[in-house]
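Chemist: Below you will find the structure I want to go over with you.
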Amino acid sequence: MTDIIRKSAEILTDARIVFWDFDGVIKDSADLKVQAYVDMFVGHGPLIQNKIYRRYKAEGGKSRFQLIPMFYQDIVGVFLDDEQLNIKLKLYSDMVVNNIIECPFIPGVVDYLKNNYERQRFVIVTNTPQFEIEMIVKKLKLDMYFEAIFGAPKIKEDVVRGFLDQPGVDKKNCVFIGDSKGDFVAARNNGVTFIYRGNDRSGCYKHRLRHFQF
């Protein structure tokens, strides 16, 4: 175990409140969501699909409510009205929900939740729509481990700020585990320690965990 991983594990286990992103942090589902965006535009050809992929990577953790109309307007040149957007959102949801439920967990995360939820406060903060993340977490039988679950259209930064405003909550005792720039920004703008969950060794993030087996 490297020093950065050891220190990150200590920061996580010492925290009183842990904010968890979901895709790429609890479930190994981040790539599934990227691929679903790309697959939505299969009828527009590989050039457009490549642009969709690159734009997704550049946007750093925005929700589908922002990304889908952005992709259509900026890349395809089509403005979606509310009815058309709702159709596209349902299509996307249908493409990803079952795959997310069936895909692997990040190693060690379920054991960590089971072993620590009574001594730490766990909160999910994700860009997945509220109804959808609640359904997924319930089907996975993880709902008992989380004090609260927040999905879109809630803004991650606002959710964290709301918890910090509670009596007796100190940001020094909180940590945010995420896998995107958007997660990092939500933590940084609230003065909360951020732990990157991933295999990136570029040094972009001070704290990093590849998994939760420690």
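Chemist: State whether one or more residues within segment 57-73 are in the same structural domain as F122 (by TED's automatic domain parsing), surrounded by 12 or more Cβ atoms within 10 Å (Cβ to Cβ), touching a residue at least 24 places away in the same chain (Cβ under 8 Å) and at positive phi.
Modeler: No, every residue in segment 57-73 fails to be in the same structural domain as F122 (by TED's automatic domain parsing), surrounded by 12 or more Cβ atoms within 10 Å (Cβ to Cβ), touching a residue at least 24 places away in the same chain (Cβ under 8 Å) and at positive phi.
Chemist: Among the numbered criteria (1) touching a residue at least 24 places away in the same chain (Cβ under 8 Å); (2) among the polar types (S, T, N, Q); (3) not assigned by TED's automatic domain parsing to the domain that holds S63, which one does S93 miss?
Modeler: (3)
Chemist: Which one of these is modelled with pLDDT of 95 or more and out of contact with any Lys or Arg (no Cβ under 8 Å at 6 or more places or on another chain): G191, G203, G162, G178?
Modeler: Step by step, each of G191, G203, G162, G178 is checked, and only G162 is modelled with pLDDT of 95 or more and out of contact with any Lys or Arg (no Cβ under 8 Å at 6 or more places or on another chain).
Chemist: Looking at (1) surrounded by fewer than 17 Cβ atoms within 10 Å (Cβ to Cβ); (2) assigned to a helix (DSSP H, G or I); (3) of a type in the set (G, A, S), which one does A186 not meet, given that it meets all the others?
Modeler: (1)
Chemist: Let me ask something else about it. Taking the conditions exactly as written (within 18 Å of A9 (Cα to Cα), surrounded by 16 or more Cβ atoms within 10 Å (Cβ to Cβ), assigned by TED's automatic domain parsing to the domain that holds I17 and among the β-branched types (V, I, T)), does V159 satisfy them or not?
Modeler: It is false that V159 is within 18 Å of A9 (Cα to Cα), surrounded by 16 or more Cβ atoms within 10 Å (Cβ to Cβ), assigned by TED's automatic domain parsing to the domain that holds I17 and among the β-branched types (V, I, T).
Chemist: Any idea which residue in segment 2-25 is surrounded by the most Cβ atoms within 10 Å (Cβ to Cβ), counting only those that are assigned to a loop (DSSP other than H, G, I, E, B) and aliphatic (A, V, I, L, M)?
Modeler: V25
Chemist: Pairs, please: C-beta under 6 Å, at least 6 apart or cross-chain, first residue in the same structural domain as D23 (by TED's automatic domain parsing) and in segment 110-129, second among the aromatic types (F, W, Y) and assigned to a strand (DSSP E or B)?
Modeler: Every condition considered, the pairs that remain are V123/F19; I124/W20; V125/F19; V125/F150.
Chemist: Taking E118 as meeting all but one of (1) assigned to a loop (DSSP other than H, G, I, E, B); (2) out of contact with any Gly (no Cβ under 7 Å at 6 or more places or on another chain); (3) under 22 Å from G178 (Cβ atoms), write down the number of the exception.
Modeler: (3)
Chemist: Suppose we filter segment 98-115 for residues that are within 13 Å of G24 (Cβ to Cβ), part of a helix (DSSP H, G or I) and out of contact with any helix residue (DSSP H, G or I) (no Cβ under 9 Å at 6 or more places or on another chain); how many remain?
Modeler: 1
The values are calculated or read from the model by the stated rules, or taken from the named source; none is laboratory data. These numbers come from a predicted model, not from an experiment. Don't worry about glycine lacking a Cβ; one is built from the backbone with ideal geometry, like all the others, and counts go over all protein chains shown.
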